[in-house]
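For reference, the structure discussed in these notes is given below.
A short reminder: the numbers here are calculations on the coordinates, not readings from a lab. Being a predicted model, the structure only gives us computed values, none of them experimental. Heads up, the Cβs are rebuilt from the backbone with ideal geometry, glycines too, and the neighbour counts pull from every protein chain shown.
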Amino acid sequence: MRWYSRLLRLYPRPYRERFGESMEQTFRDLRRERPGPGFTLWIFLETFAGIVRERATDVGRSAMARNVFKTVKYVALAVGALMVAGIVTVMLLARGTGEDITGVVAPALLLTILSVVAAVVATVMQGRQNRRKTRDDLAG
Amino acid sequence: MASGGPLTPAVLHILLALSAQDRHGYGIMKQVEADSRGKVTMGPGTLYGSIRRMTDAGLISESDKKVDPSLDDERRVYYRITALGQQTLAAELQRYREVVAVARSLSPKTAGA
């Protein structure tokens, strides 16, 4: 029984916290019904395959989420940089002409601010995700 | 999973096992074995992996109801089929019926008619 509990520790932590106890209970039920080395080998292989599957899913999910935050961050920064460049260009072109550029600059400035906020939020989320992953890795 | 594509055998059998009543993990295993006449045997790894995917997809959910609390450990988690799970099961069974109908029309002998 102890070996099965140890084997379950190889599952990703959220999965283990959610199903670990139930899996041990089910294992006890099954062992009562089917004692023998054949059962032990089957359970070991079957559970190990499950661990590989869940680990792969876990890695896939976190990689996808990390990529989403990274993409949002870079897109937001690119949009912000383009807006700043646009504002500067418009200001330079309008210099000395006396033309009112508020109608162009104000929305561009708002978009720049929103882009910076989006980039900061994405960076914070990406950092949190990385810290959580490091913590999970350390917890095994 | 609930996108309308064919279900895996494990998911189909779990939905079938839960269509009659709420069950805990071991109860699902026993029912699947009985329904398949011993042809489908799943261990805890397959069972709980499928349960995770099915709860995430909204096909099943944890149930508060204990079928017979006097016979069971209070800590056992029971699962129940959701409305989406019932719809998905019905759609899958309909798909099977259509496949059998096509097979029968092509070759009555191989379809076991």
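For B:R23, enumerate residues with amide H under 5 Å from its amide H, sequence gap 5+ or separate chain, H modeled in the peptide plane.
B:Y79
Taking each residue of B:45-56 in turn, how many C-beta atoms of other protein chains fall within 10 Å of its C-beta, and what is the average? If you can, show how the numbers build up before the last one.
Working: counts 16, 5, 6, 11, 10, 1, 3, 7, 2, 0, 1, 0.
Counting other chains' Cβ atoms within 10 Å and averaging over B:45-56 gives 5.
Which value, in debye to the nearest 20, describes the size of the charge dipole of the range B:9-88 about its Cα centre when Lys and Arg Cβ atoms bear +1, Asp and Glu Cβ atoms bear -1, and nothing else is charged?
Details: 11 positive and 10 negative charges, 46 e Å.
I would put it at about 220 debye.
Please quote Rg/Rh for the range A:2-139 to two decimal places, taking the Kirkwood radius as Rh and restricting both calculations to Cα atoms.
Values: Rg = 27.1 Å, Rh = 19.5 Å.
Using Cα coordinates only, the ratio equals 1.38.
Stokes-Einstein at 10 °C, 1.306 mPa s, Kirkwood radius from Cα pairs: D for the range B:9-88 in µm² s⁻¹?
The Stokes-Einstein estimate is 127 µm²/s.
Amide H to amide H under 5 Å from B:I60: which residues, 5+ apart in sequence or cross-chain, H placed 1.01 Å off N in plane?
B:T55, B:T82
How large is the translational diffusion coefficient of the protein assembly as shown in µm² per second when you combine the Kirkwood radius over alpha carbon pairs with Stokes-Einstein at 20 °C and 1.002 mPa s?
In µm²/s, the coefficient is 94.
Measure nothing fancy, just the Cα-based angle from helix A:13-33's long axis to the longest principal axis of chain A, in degrees from 0 to 90, nearest 10.
Tilt relative to chain A: about 20 degrees.
Counting only helical runs of four or more DSSP H residues, what would the 222 nm mean residue ellipticity of chain A come to if each run contributes -39,500 (n - 2.57) and the total is spread over all its residues?
On the way: 4 runs with 124 residues, N = 140.
After summing the helix terms and dividing by residue count, I get -32000 deg cm²/dmol.
Go ahead and collect, in residue order, the members of the range A:27-43 whose backbone nitrogen is under 15 Å from a label point 7 Å along the Cα-Cβ direction of B:S36.
Under 15 Å, as judged by backbone N against the label point of B:S36, lie A:43 of the range A:27-43.
Return a whole-number percent for the relative contact order of chain A, with Cα pairs under 8 Å and 6 or more residues apart as the contact set.
Working: 75 pairs, mean separation 44.7, N = 140.
Relative contact order for chain A comes out at 32 percent.
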